[in-house]
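What follows is one structure encoded as structure tokens, with my remarks underneath.
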Amino acid sequence: MYISGGENVYPAEVENVLYQLPQIAEAAVLGQQDERWGETGMAVLVLKPGETLSADAVIDHCQGGWPGSKCQQQSSSLKPYHGTRPARS
């Protein structure tokens, strides 16, 4: 959990919204320090093979009906990851 704009934000809650986008194979949301909000979320996304998705499209999707403090306000480029997961021991 991180606190953004005085609100508790649970990463799993944001990840569930991200998984509504059909292009996303995996998502993880992390809290990061922010001068204005205290903390904000940063999403790390893995797209499905052959899919593309802009950072702005992700933000637009998240902002649909969400308070500003729960939605990432900045965009950065999404870089596709084409690898395999490391084996878990």
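The values are calculated or read from the model by the stated rules, or taken from the named source; none is laboratory data. In this text the structure is predicted, and so the values were computed from the model without any measurement. Backbone-built Cβ (ideal geometry, glycine too); neighbour counts: all protein chains shown.
General observations
- Segment 1-29, residues that are part of a strand (DSSP E or B) and either surrounded by 13 or more Cβ atoms within 10 Å (Cβ to Cβ) or among the small types (Gly, Ala, Ser) (or both): 2, 3, 4, 7, 9, 24, 25, 26, 27, 28, 29
- Being at pLDDT 85 or above and closer than 16 Å to residue 9 by Cβ is not true of residue 57.
- Of everything listed in (1) assigned to a loop (DSSP other than H, G, I, E, B); (2) modelled with pLDDT of 85 or more; (3) among the small types (Gly, Ala, Ser), the single unmet condition for residue 83 is (2).
- Taking first residues from segment 5-31 that are more than 12 Å from residue 61 (Cα to Cα) and without any contact (Cβ under 8 Å) to a residue 12 or more places away in the chain and partners that are of a type in the set (A, V, I, L, M) and part of a loop (DSSP other than H, G, I, E, B), the Cβ contacts under 9 Å between residues at least 6 apart in sequence or on separate chains come to 8/1; 10/1.
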